[in-house]
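Okay, structure first, notes after.
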């Protein structure tokens, strides 16, 4: 019966599959999902199990994705934002003794980025310390990071922006020297590499996102990654209501001592499934989401190749005009997994970034800014305790002048040619 259903699902998909985007006729989004009939079959397969919560597909995805990211452990959560919350909260656990993060501790980060890289710092009562980015890569300036360290600094939490790795190896050296925790946000950069190693392997704990705009999708979804068994156990607790028990969903008595544990002020032998050691959450996802992710994961290497091919082709088309629109440079010794194609409007170009964006959007080319720009100028951080660890001149330049366009796998060189032609037309009309 399942095989008949799967056959019907494949037929349904082929009759309703997304149409190819025609440059100049259809709107070219800056980002989006790419799905096929096997993705839909996997989701239906999971639904037919009628298990619904985290199950066999989640277990398989965690094992496969941890291998892909070169980590020992992967914990699925319901979003990349939740992954960041769980990863950072893990470092506040009393189980870490004197190294645990406490309210008032400072955490180094960048001001140019997405709020949910910084929000967990604030949500846990810590103080973000903002430093500037490099003007060529739009990634953290590691020299500024080290200079911003103070007596209260206890951690670093930074994202790899738009799929281009920051120098995470250098950041880790700073963290080891200063005895700091390092949270590596890889939500934009799944599959990127630095000095031959996967992003995420440089931090003590790392995160990924599976939102539709990202490298693969679960609709919603995220992951926490680590090779530290102790951090994995703590992160699992924060994800699963804060419980002390580590039994998988639907399992009992994995430790063989479910009714033998003793805790101060608790009755002897109190059921370990109902012992809580952290102020946690329920941030698990459904097995249908994991089933979609597992199918997408098989296509991830090809998705990355397509993204990087689109990026390289568009950069080649625009390379002679870098004096008008600054083109991002890969970090030294890196292999990016490009999320988007950033363009920095330079003084040699007349008109504002807003004029350039209107030119693109009116010609059906989707655009995005570099997320929140300068986070300190956003309303949400106006009254939040914080420290500015450096001049933010490059961050302000990003906020005022940077825009990015799409290179995601539904697009090809024909789309890149159209995007390049529209951009070159704007340069020709607006060069000083």
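Just so it is clear, none of the values below were taken in a lab; they were calculated from the coordinates. These numbers come from a predicted model, not from an experiment. Reconstructed Cβ throughout: ideal geometry from the backbone, glycine too, with neighbour counts over all protein chains shown.
Sorting 218, 350 by the number of Cβ atoms found within 10 Å of their own Cβ, with the fewest placed first, yields 350, 218. In region 336-432, inverting the average of 1/r over every pair of distinct C-alpha atoms gives 15.2 Å as the Kirkwood radius.
For region 383-417, the residues whose amide N sits under 14 Å from a probe point set 7 Å from the Cα of residue 312 along the beta carbon direction are 413. Simple spin-label estimate for residue 346 and residue 147 gives 2.5 nm between the two label positions (7 Å along the Cα-to-Cβ direction from each Cα).
By the beta-carbon count within 10 Å of each Cβ, the least crowded to most crowded order of 427, 205, fewest first, is 427, 205. Cα axis of helix 80-90 to longest principal axis of the chain: angle in degrees, 0 to 90, nearest 10? Value to nearest ten degrees: 50.
Projected label points at residue 178 and residue 27, each 7 Å from Cα along the beta carbon direction, are separated by 4.3 nanometres.
With only Cα atoms counted, the chain has Rg and Dmax values of 22.9, 80 Å. How many nm separate the modelled label positions at residue 230 and residue 59, each set 7 Å beyond the Cα in the direction of the Cβ? Using points 7 Å along Cα→Cβ, the separation is 2.9 nm.
What ranking of 365, 5 emerges when the number of other C-beta atoms within 10 Å of each C-beta is taken as an exposure proxy, fewest first?
Lowest to highest Cβ neighbour count: 5, 365.
Can you give the angle from 0 to 90° between the axis of helix 37-49 and the longest principal axis of the chain, with both taken from C-alpha atoms, to the nearest 10? Orientation of helix 37-49: about 20 degrees from the principal axis.
Counting only Cα atoms, region 353-407 measures 42, 22, 20 Å along its principal axes, largest extent leading.
Computed from the C-beta positions of residue 253 and residue 96 and an R0 of 22 Å, the FRET efficiency is 0.25 to the nearest 0.05.
Over the chain, calculate the relative contact order: mean separation of alpha carbon pairs under 8 Å at least 6 apart, over the residue count, as a percent. Can you show the working numbers first?
Numbers: 904 pairs, mean separation 100.4, N = 432.
That works out to 23 percent.
If one takes the longest principal axis of the Cα atoms in the chain, at what angle in degrees, from 0 to 90 and to the nearest 10, does the Cα axis of helix 353-362 lie? Orientation of helix 353-362: about 90 degrees from the principal axis.
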